[in-house]
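This report refers to the structure that appears directly beneath it.
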Amino acid sequence: MEAVEETVVPAMPATNAKPSVHDRYARCIEVSKRIRWEIETDVIRGRQFDFSMKFLPDGLSKVSDLKFATPAERVFLSQIQGRTYANMFGLVERFIGAKILEVSRDHWLGDQVALEALVRMTDEELKHQELFRRLDRMAAAGMPAGYTFLPQPNDVANVVLGKSTWAVLGLTLDIELFTQAHYRSSIEPDAQLSPLWKDVFLFHWKEESQHAILDELEWKRENERLSAAERDAAVDELIELVAAVDGILQVQAKADADYFVQQVKRTFSMEEQQAIHATVLGAYRWQYIFSGVQDPRFLAVLGSMITPAQGQRINAALGSIGSA
Ligand SMILES: [Fe+2]
Ligand SMILES: [Fe+2]
């Protein structure tokens, strides 16, 4: 979203000239230094989770779709999803950090400003993983035993990093853009939303805004290196990666829906249990796939690289996820 970038990145001098690629890296460093935050002193600030409050806003958790659920049950389901949110980001940031370190190699003996921007981004992703591990432990302290997060970050990273850089950077831009959509969801006034979680969305977004700019620069740079045939193969790999993300979401949505049903002190009918499962899976697909791929900025960058036929292949793949 351009407005977000403009909010964080200082205005350019009054000139019609577009910033050079070098200048865009430099601006990311400048903003990264200015908004730099620390886990304890800025985000957590000695607080604990208040387990009477939601962790995710309804716009992300979709718990308000479950008309038969009580307010307390909706709060609990949003907390389960919040814990999974922390674990999902810990997971994706594992391969994002590794891929950014890898592509930084191209700048080792080149533009040192580009190198610094990518090193800062990697450092921030390592910090984010620590933040999300911390949030998982804090969530565990107030939730009944039995929650499990099934996908393993290193297993997933090994699969993802086996794909072409073009495909991985495309998925990464999608992810870094949807953190911005998630921040926007959390701004909506919701008296039941945990203030600590609001801050997580705010602080994560502040650093992810630069990451999305860097992803775009690196993705375009990689795109220029590819032949038409290599790009065509990479489009298929991007589709495979999105399908792999959906596979993870299906497994975790079932685990989280089952945990919810087991922990709530009443019996749900089979129909209600199916609705709970479908709502959690739909929420996860929204959170981790569609809130990014529908972003106009993602569509503009992707659209500038691919042919109409490749775009149709991607749309068909996304359509099959939406209706699965
Ligand atoms: Fe992050
Ligand atoms: Fe990031």
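Please list the radius of gyration and Dmax for the range 141-217, considering alpha-carbon atoms only, with Å as the unit.
Rg, Dmax (Cα atoms, Å): 15.9, 44.
Taking a cut-off of 37 Å, what percent of all Cα-Cα pairs in the chain are separated by more than that? Before the final figure, lay out the partial values.
Numbers: 8592 of 52326 pairs.
The share of Cα pairs beyond 37 Å in the chain comes to 16 percent.
Would you mind working out the accessible area per residue for the chain, using a 1.4 Å probe, and quoting it in Å²?
On the way: 14000 Å² over 324 residues.
In whole numbers, the chain has 43 Å² accessible per residue.
Hey, could you pull the Cα Rg and Dmax for the range 171-262, both in Å?
Final numbers for Rg and Dmax: 17.5, 52 Å.
In vacuo Debye scattering of the range 214-324, one point per C-alpha: log10 I(q)/I(0) at q = 0.12, 0.16 Å⁻¹?
Once normalised to I(0) and log-transformed, intensities are -0.54, -0.79.
Roughly how much of E207 is accessible, in Å² to the nearest 10, using a 1.4 Å probe?
0 Å²
Check the straight Cα-Cα distances from K67 and name the lysines below 30 Å, setting aside those fewer than 8 residues away within the same chain.
Within reach: K54, K198, K254, K265.
Counting only complete DSSP H runs, which helices of the chain cover 24 Å or more along their long axis at the Cα atoms and score a mean Kyte-Doolittle of -1.0 or above? Walk me through the numbers before you get to the answer.
Working: long enough: 71-104 (48 Å, 0.25); 112-141 (44 Å, -0.36); 165-187 (34 Å, 0.45); 195-225 (45 Å, -1.16); 228-263 (52 Å, 0.23).
Membrane-span-like by this rule: 71-104, 112-141, 165-187, 228-263.
Starting with the highest mean, order 303-311, 126-134, 275-283 by the number of other Cβ atoms within 10 Å, averaged over the residues of each peptide.
Numbers: 303-311: 13.6, 126-134: 18.2, 275-283: 20.4.
Descending mean neighbour count gives 275-283, 126-134, 303-311.
Strictly greater than 28 Å: what percent of every Cα pair in the range 27-170 meets that? Before the final figure, lay out each step's value.
Numbers: 3460 of 10296 pairs.
Counting every Cα pair in the range 27-170, those more than 28 Å apart make up 34 percent.
Ignoring solvent entirely, what values of log10 I(q)/I(0) come out of the Debye formula for the range 31-106 at 0.24, 0.28 Å⁻¹ when each Cα is a single scatterer?
Those come out to -1.11, -1.19, one per q.
Hey, got a sec? Which trypsin sites (Lys or Arg not before Pro) in the range 48-111 land in a DSSP loop and have at most 16 other Cβ atoms within 10 Å? Working shown, then result.
Numbers: sites: K54, K62, K67, R74, R83, R94, K99, R105; in loops: K62, K67.
Those that pass, being in a loop and sparsely packed, are K67.
How much of the accessible area of the range 108-213, probe 1.4 Å, is carbon plus sulfur, in whole percent? Each step should come with its number before you reach the end.
On the way: 2310 of 3960 Å².
On the range 108-213, the fraction of accessible area on carbon and sulfur atoms equals 58 percent.
Would you work out the relative contact order for the chain, in percent, from Cα pairs under 8 angstrom that are 6 or more residues apart? Don't skip to the end; give the middle numbers.
On the way: 336 pairs, mean separation 82.2, N = 324.
About 25 percent, as a whole number.
How many angstrom separate the Cα center of the range 142-175 from the Cα center of the range 42-115?
12 Å
Would you please give the residues with an amide H less than 5 Å from that of L193, counting only those at least 5 places away or on a separate chain, with H modeled from the backbone geometry?
Correct list: K54.
Among I289, I248, I175, which one shows the highest mean-square fluctuation when the chain is modelled as a Gaussian network with alpha-carbon springs under 10 Å?
The residue that fluctuates most here is I248.
The values are calculated or read from the model by the stated rules, or taken from the named source; none is laboratory data. Predicted, not measured: the structure shown is a model, and the values here were computed from it. All Cβ positions, glycine included, derive from the backbone under ideal geometry; neighbour counts span all protein chains shown. When the accessible area is computed, the model is the full protein with side chains, heavy atoms only, and any ligands, DNA or RNA have been set aside. Shrake-Rupley method; radii C 1.70, N 1.55, O 1.52, S 1.80 Å.
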